[in-house]
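Notes follow once the structure below has been shown.
Derivation of every value follows stated rules applied to the coordinates shown; laboratory data play no part. Bear in mind the structure is a predicted one, so any value in this text is a computation, not a measurement. FYI the Cβ positions are ideal-geometry reconstructions off the backbone, even for glycines, and counts take in every protein chain you see.
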Amino acid sequence: MQCVILAAGEGKRMRPLTATRPKVMLPLANRPMLEHLIGAARDAGISDILLVVGYREEEVRQYFGDGRDFGVRIGYVVQRHQRGTADALATAEEWVGGNFILMNGDMVLSSQDIRGVIAAGPSTLGVAPSDHPEDYGVVKVSGDRVTGLWEKAKEPAGNLVNAGIYHFGEDIFPLIGGVGLSPRGERELTDALGVLIARGVLRAVTVTSWLDVGYPWDLLSANEKMIPEISPEVRGTVEEGVVIKGPVHVGERSVVMAGCYIEGPCIIGKDCRIGPHAYIRGATAIGDGCHIGHATEVKNSVILPRTNLPHFNYLGDSVVGSGCNFGAGTKVANLRHDRGEVTVRGLSTKRKKFGAVIGDAVMLGINCSVNVGAVIGSGAAIGPHCLVEGYIAPGTKVR
């Protein structure tokens, strides 16, 4: 069985985190989300994978290579201009020979669910229940047949949504060839699916493990689910006087210094320095080469590699890019006084606790306060004692 994974997009909704990397390379439990999907496909019995790449493709190619380190064979085709999912699939036509699985690269799915879609045969669409179906393609099903598909309907006809996994035969490509431009100026796969629906041949299979990772706060939700599944293991050094409760993974050459208190589940990458006297709380993922220092507390957050919170910092329910530095006493708020849902640039996170999204190489001076829902663009420099709210554009200097 062959598998095509769409991994060409930037992921604009993930900005500023995608300023320097493609969306599919954002980490879940300290590994790129695409690696999790490739592993699930491998465990489902798929050995040949084609990655459709585009935006910052070199990072994907360098990380995955030919796939041998991941137990599969990986090939690449390039979508030079991101003009929709149908356009992306069209680039794979010469590679595909027979039935194949198609998956979006920016999601989480188990090998069991992938096997279910394989077993259903071609002309199959994976669907999943959602508590906010208006954000997705809503699918209407009668028995096992798909009878309707509407993109981001304001009044959804149900709670089943398109999960972004398909089983197709080669006969999908003539349909793709006939797809024109949508009002958004893209060639949409849903137009080809509409033909299969009209013919009454598109089946639906429910997948139960699906997680869509569309916005930065979705990284927190995915980590909350995936980090508890890691194997607790200490590969680095844990000094005397450290308290560890629950499942905690400490990477190679990392040092957890005396006086630290770590509540799992959490994962600490390689070459990190934790403490002394740091407090790490559950569902936190700390990337390689980070420093979480004296009297710093981190809770339910994702921190990308080479970022430092060295002293007297608080970070809760936030996503921080790579190469950042927090000045002493800088803290990030994560709860509104009215306990309402936190919004980010006018969008509800659907979370009552959410802090900030901070891009790469952000410098925060001493005693800064970052308010709930703030977004700080990559390369911004925030001076001492500043209150940060709303949106700070990349490269901005705040005094």
Exercise. Mind checking the dipole of region 99-245: about its Cα centre, +1 per Lys or Arg Cβ, -1 per Asp or Glu Cβ, Debye to the nearest 20?
Worked result: 520 debye
Exercise. Net charge near Ile268, counting Lys/Arg +1 and Asp/Glu -1 over other residues with Cβ under 12 Å of its Cβ?
Worked result: 0
Exercise. Tally Lys/Arg at +1 and Asp/Glu at -1 over every other residue whose Cβ is under 15 Å from the Cβ of His291; what's the total?
Worked result: +1
For this session: Treat the count of other C-beta atoms within 10 Å as a stand-in for reagent exposure and order Arg273, Arg281, Arg199 from fewest to most.
Result: Arg199, Arg281, Arg273
For this session: Determine the distance separating the Cα centre of region 286-300 from the Cα centre of region 131-145; give it in Å without decimals.
Result: 41 Å
Problem set entry | Label assignment, log10 I(q)/I(0) by the Debye sum over Cα atoms at q = 0.06, 0.10, 0.12, 0.13 Å⁻¹ derived from the structure, set (i) -0.39, -0.73, -0.88, -0.97; (ii) -0.25, -0.69, -0.96, -1.09; (iii) -0.32, -0.78, -0.98, -1.06 | (ii)
Exercise. Once you sort the root eigenvalues of the Cα gyration tensor of region 272-314 as a ≥ b ≥ c, which label holds: rounded (a/c under 1.5), prolate (a/b larger than b/c) or oblate (the other case)?
Worked result: oblate
Problem set entry | Cα centre as origin, Lys/Arg/Asp/Glu Cβ charges: the chain dipole, Debye | 920 debye
Exercise. What FRET efficiency would be calculated for the residue pair Lys352, Glu252, taking the C-beta separation as r and a Förster radius of 35 Å, to the nearest 0.05?
Worked result: 0.45
Problem set entry | Projected label distance in nm at Ser209 and Ser142, using a 7 Å step from Cα toward the beta-carbon | 3.3 nm
Exercise. What ranking of Cys386, Cys3 emerges when the number of other C-beta atoms within 10 Å of each C-beta is taken as an exposure proxy, fewest first?
Worked result: Cys386, Cys3
Seminar exercise, completed: The alpha-carbon center of region 352-399 and that of region 6-83 are separated, in whole Å, by 29 Å
For this session: Would you mind calculating the relative contact order of region 1-125 from Cα pairs under 8 angstrom and at least 6 residues apart, reporting the percent as a whole number?
Result: 36 percent
For this session: Indicate, rounded to the nearest 5 percent, the antiparallel portion of the DSSP beta bridges found entirely in region 277-361.
Result: 15 percent
Seminar exercise, completed: Of the candidates Gly264, Ala198, Gly9, the farthest towards the positive dipole end of the chain (Lys/Arg Cβ +1, Asp/Glu Cβ -1, centred on the Cα centre) is Gly264
Seminar exercise, completed: If Trp210, Trp95, Trp217 are placed from fewest to most neighbouring beta carbons inside 10 Å, the sequence is Trp95, Trp210, Trp217
